[in-house]
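So the structure is just underneath, and the comments pick up after that.
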Amino acid sequence: MVFPGFWYIAILIWLMGRLNKNSEYGISGEKNSQSGSGKIKISDLFFHVLVIVIVFFTVIKLMSFVGPAFASLGGVIVAIPVRALINASGRKTNVILTLSGLALLFVYLCFWYILIGVPVKPPVMTVGSMKVTLSKTSVRDLLDNGFDIYIMNDEDTYECSEMLTSGSYTKYDENQDITVEKGYRSTGETLRGAPYLLAKDDTLIGAIDLYGSLDKDVDIKDAKVVNFYMDKDCKDALKSSNIDVKLGDLSLLGTFYTDDLKKLFKKKLWMIPDESDPTDSVYGIAWRTNSDSIFWNEYYAYIRIDENKNMRAFIISTSVAKDKH
């Protein structure tokens, strides 16, 4: 993007030189009298503006199909009706430079959007009455809202109902000096062996992964939640404790129907269960960017359901920008 930026500046300087050379009065001088000096009619102005708008949106549509290669040609196409408007209105030469610069900027921003994109809004979960935003909500936020964090002591395997009381995990005390190691790491789709557990009122909600920084260790209270996992045992425990868990407006403790998920997530829903193969029924939801998480975080959620269309496993994870894994 730096390379096209240099070209953008170079072309503007070249245009300034050409317009100064070809205009009798320089950049701020009058246009050639052949283009006319009278005022343009309202009907003609409306026609020219209408053509520009149609061409502009046509180019945008074509770019969505063709890709970055069409950006430069698209700028040239848009410039044709713009130039026609300039010639019809008898505007000054400095207006030509301004509109040319805007056309070039349009092409540059098109490249920027296609290659880099814009950051996506992180998905929001509601746990009980608290909204948890992936990569934004910190351990401090969870503690302030009455949640507990349990830290793994050993990797012994216990039943879900015993994980908080077996001694394999220790409840975090705010007076403890614990840091989250630099860099990204994920335990994937697992509850047992997870480094951190999230609980409230002695009810296990699920496993979480924390992220502090790319290049330094961070105090655990300042680390952010980047991954969350829960299974059927967690779901049953939450139902017994009347603690609801939602992804956006979707309750993860209820029954799942494809039409409902399509309405809620629209294009983000990229995978739906194969009804002919009930052994691998999974919904896939993605919050992607054009840069493949090089510049912006991406988020992925998977909901595995049983034959009754109830959740048997749920995971939502963050692909941290600049810290590929």
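Annotations
- Förster-model FRET efficiency, 45 Å R0, residue 263 and residue 3, C-beta, rounded to 0.05: 0.55
- Cα-based shape type of segment 124-319, given that a ≥ b ≥ c are square roots of the gyration tensor eigenvalues and the cut on a/c is 1.5: oblate
- 3J(HN,Hα) along segment 240-252: 5, 9, 6, 10, 8, 10, 10, 10, x, 9, 9, 6, 7 Hz, from the Karplus curve 6.51 cos²θ - 1.76 cosθ + 1.60 with θ = phi - 60°, whole Hz, x for Gly and Pro.
- Share of carbon and sulfur in the accessible heavy-atom surface of segment 124-319 [1.4 Å probe, %]: 43
- Using C-alpha pairs under 8 Å with a sequence gap of at least 6, the mean separation divided by the residue count of segment 124-319 gives a relative contact order of 19 percent.
- With DNA, RNA and ligands ignored, accessible area of residue 255 (1.4 Å probe; Å², nearest 10): 70
- Put 107, 53, 124, 139 in order of accessible area, highest first, and with a 1.4 Å probe you get 53, 124, 107, 139.
- Simple rule: put +1 on each Lys or Arg Cβ and -1 on each Asp or Glu Cβ in segment 124-319, find the dipole, and look at 270, 180, 254; the Cα lying farthest toward the positive end is 270.
- Rounded to the nearest Hz, the phi-derived 3J(HN,Hα) couplings of segment 297-309 under the Karplus curve 6.51 cos²θ - 1.76 cosθ + 1.60 (θ = phi - 60°) are 5, 10, 9, 9, 10, 10, 10, 8, 10, 9, 5, 9, 6, where x marks glycine and proline.
- Cross-link pairs beyond the 29 Å C-alpha cut-off, checked among 182/309; 121/263; 235/268; 216/262: 182/309; 216/262
- Solvent-accessible ranking of 3, 256, largest area first, probe 1.4 Å: 3, 256
- Phi angles across segment 114-125 convert, under the Karplus curve 6.51 cos²θ - 1.76 cosθ + 1.60 with θ = phi - 60°, into 3J(HN,Hα) values of 5, 8, 10, x, 10, x, 8, 6, x, x, 10, 9 Hz, Gly and Pro given as x.
- Once all protein chains are placed together, residue 14 keeps about 150 Å² accessible to a 1.4 angstrom probe.
- Average accessible surface area per residue within segment 124-319, 1.4 Å rolling probe, Å²: 49
- A crude spin-label estimate for the pair residue 217 and residue 246, with each label 7 Å from Cα along the Cβ direction, gives 4.0 nm.
- For 309, 266, the ranking by accessible surface with the largest value first comes to 266, 309, using a 1.4 Å probe.
The values are calculated or read from the model by the stated rules, or taken from the named source; none is laboratory data. Predicted model, so just to flag it, every value in this text is computed and none were measured. When we count neighbours, we look across all protein chains shown, and the Cβ atoms used for this are built from the backbone with ideal geometry, even at glycine. Just the protein is used for accessible areas: all its heavy atoms, side chains included, with ligands, DNA and RNA removed. Shrake-Rupley method; radii C 1.70, N 1.55, O 1.52, S 1.80 Å.
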